[in-house]
Amino acid sequence: MSSFLYQRPIHNPLSDPYPISPRSSSNSQKPYSIFSPTTLLVLLSLLVVMGVFFPWVGMRESLFSDTTRPSTANWRDYTLAEAAEFVARNGTVIVCAVSQPYLPFLNNWLISITRQKHQDKVLVIAEDYATLYKVNERWPGHAVLVPPAPDAQTAHKFGSQGFFNFTSRRPRHLLQILELGYNVMYNDVDMVWLADPFPYFEGNHDVYFTDDMTPVKPLNHSHDLPPPGKKGRTYICSCMIFLRPTSGAKLVMKKWIEELKDQPWSREKKANDQPAFNWALDKLVNKVDLYLLPQAAFPTGGLYFKNKTWVRETKGMHVIIHNNYILGFEKKIKRFHDYDLWLVDDHADESPLGRI
């Protein structure tokens, strides 16, 4: 608070600036009146104390209980710019987009990030108001909703138009954060961190990403964009991306948005955001500095959960595990359970959200 706060001097209610001459014995037995000057002075002093001290206590609590907490009371008015400024650490924001059905996965993901001591820079982009209020109730300032909110009932159904609308908002959010000047890391929340990923974002490349293909690569594989597959495009995962606030990264986000407009959802072609992301990368490969992250550290779920030999050979190298190549909440949770990666049952107290 910028205004200068002070506490006005409080007069001692027991001292009288206008002393009365000693009473004579004749009036010493005179009945005491509540309207005497001394009593009125005491009451006035108490009013002054209450008027000055108690408001100061309230202001002091709001000022010093959490000096970094945003003062926004109405989270509907909380903007992406305000939220990014609040959570950013060392110029970096970690972003996820979540609708209410995915709150258990959000909590699981947060526990794994907290273990790597990066939770303070997490920003949850809530895709419905229930998520916005729930997260900010438990963890004030770490959730923001960018209107309009998608249909919460359909946003979590893979292949639906609601899911397409939900995921197609992603590049717009990321572009806006880049325009604010921050590095931004995006994760889907069906991921678990086993180690700190930031040492892998070496150099000053524009866009860092992972391959979603399952064939095993050499440990020293190239970091260039892989060649196109059978569909004429690459198969890069749009669920784990790290971006620097460069003109190249912004160009990729803008091209991703364009490609989504050119490939709208239809009942015949139930699109999602990933093919459009790959078309954008393929078309800009010679204009932007792209970097493929090592497969051993960032494996796709189709490799990590299905190739036990590879997992054994690369033990100790895994950094982020993505629970993809499987559909359905219950199936994802069961698979996390089977691999001891479902943390919320026994370790909810490690999450900034607690048990939700």
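The values are calculated or read from the model by the stated rules, or taken from the named source; none is laboratory data. What you are looking at is a predicted structure, and each value in this text was computed from that prediction instead of being measured. Cβ placement follows ideal geometry from the backbone for every residue including glycine, while neighbour counts extend to all protein chains displayed. In case anyone asks, the SASA skips ligands and DNA or RNA and just uses the protein heavy atoms, side chains included. Shrake-Rupley method; radii C 1.70, N 1.55, O 1.52, S 1.80 Å.
Criterion first (within 22 Å of Q116 (Cβ to Cβ) and touching a His at 6+ places or on another chain (Cβ under 6 Å)) does Y304 satisfy it?
Working: within 22 Å of Q116 (Cβ to Cβ): yes; touching a His at 6+ places or on another chain (Cβ under 6 Å): no.
When the stated conditions are applied, Y304 does not pass them.
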Exercise for the section: Starting from region 219-244, take each residue that is without any contact (Cβ under 8 Å) to a residue 24 or more places away in the chain and list its partners that are open to solvent by less than 70 Å² (accessible area, probe 1.4 Å) and in a loop (DSSP other than H, G, I, E, B), counting only C-beta distances under 8 angstrom and pairs at least six apart or across chains. Expected result: P227/T234
Practice task
Scan region 340-352 and give yes if some residue there is modelled with pLDDT of 95 or more, more than 23 Å from Q119 (Cα to Cα) and part of a loop (DSSP other than H, G, I, E, B), otherwise no.
Solution key: no
Practice task
Please work out if K217 is at pLDDT 95 or above, basic (K, R), over 30 Å from L180 (Cα atoms) and open to solvent by 40 Å² or more (accessible area, probe 1.4 Å).
Solution key: yes
Completion exercise
Of the conditions (1) part of a helix (DSSP H, G or I); (2) without any contact (Cβ under 8 Å) to a residue 60 or more places away in the chain; (3) more than 23 Å from the chain's Cα centre (by Cα), the single one that W310 does not satisfy is (2)
Completion exercise
A276: passes all of (1) hydrophobic (A, V, I, L, M, F, W, C); (2) modelled with pLDDT of 95 or more; (3) part of a helix (DSSP H, G or I) but (2)
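Within the group I321, I326, which residue is more than 22 Å from N220 (Cβ to Cβ), outside any helix (DSSP H, G or I) and β-branched (V, I, T)?
I326
If I ask for residues that are among the aliphatic types (A, V, I, L, M) and either open to solvent by 20 Å² or more (accessible area, probe 1.4 Å) or within 26 Å of Q100 (Cα to Cα) (or both), which ones from region 307-336 would you list?
Answer for region 307-336, where residues must be among the aliphatic types (A, V, I, L, M) and either open to solvent by 20 Å² or more (accessible area, probe 1.4 Å) or within 26 Å of Q100 (Cα to Cα) (or both): V311, M317, I320, I321, I326, L327, I333.
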Exercise for the section: Starting from region 344-356, keep only residues that are more than 18 Å from P101 (Cα to Cα), then list their pairs with residues that are assigned to a loop (DSSP other than H, G, I, E, B) and open to solvent by less than 80 Å² (accessible area, probe 1.4 Å) whose Cβ atoms are within a distance under 9 Å, requiring at least 6 positions of separation or different chains. Expected result: E350/L343; P352/W139; P352/H142
Exercise for the section: Tell me, yes or no, whether region 68-90 has at least one residue that is within 28 Å of F201 (Cβ to Cβ) and at pLDDT below 95. Expected result: yes
Fill in the blank from the handout: Scanning region 220-233 residue by residue, those surrounded by 14 or more Cβ atoms within 10 Å (Cβ to Cβ) and farther than 25 Å from K250 by Cβ turn out to be H221
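With respect to S266, determine if the residue is modelled with pLDDT under 95, part of a loop (DSSP other than H, G, I, E, B) and of a type in the set (S, T, Y). If you could, list the steps in order and put the result at the bottom.
On the way: modelled with pLDDT under 95: yes; part of a loop (DSSP other than H, G, I, E, B): yes; of a type in the set (S, T, Y): yes.
Criteria met by S266.
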Problem - One residue from Y339, Y291, Y304 being open to solvent by 70 Å² or more (accessible area, probe 1.4 Å) and either touching a residue at least 12 places away in the same chain (Cβ under 8 Å) or among the aliphatic types (A, V, I, L, M) (or both) - result: Y339
Practice task
Could you tell me which numbered condition L260 fails, if it satisfies all but one of (1) open to solvent by 70 Å² or more (accessible area, probe 1.4 Å); (2) at pLDDT below 95?
Solution key: (1)
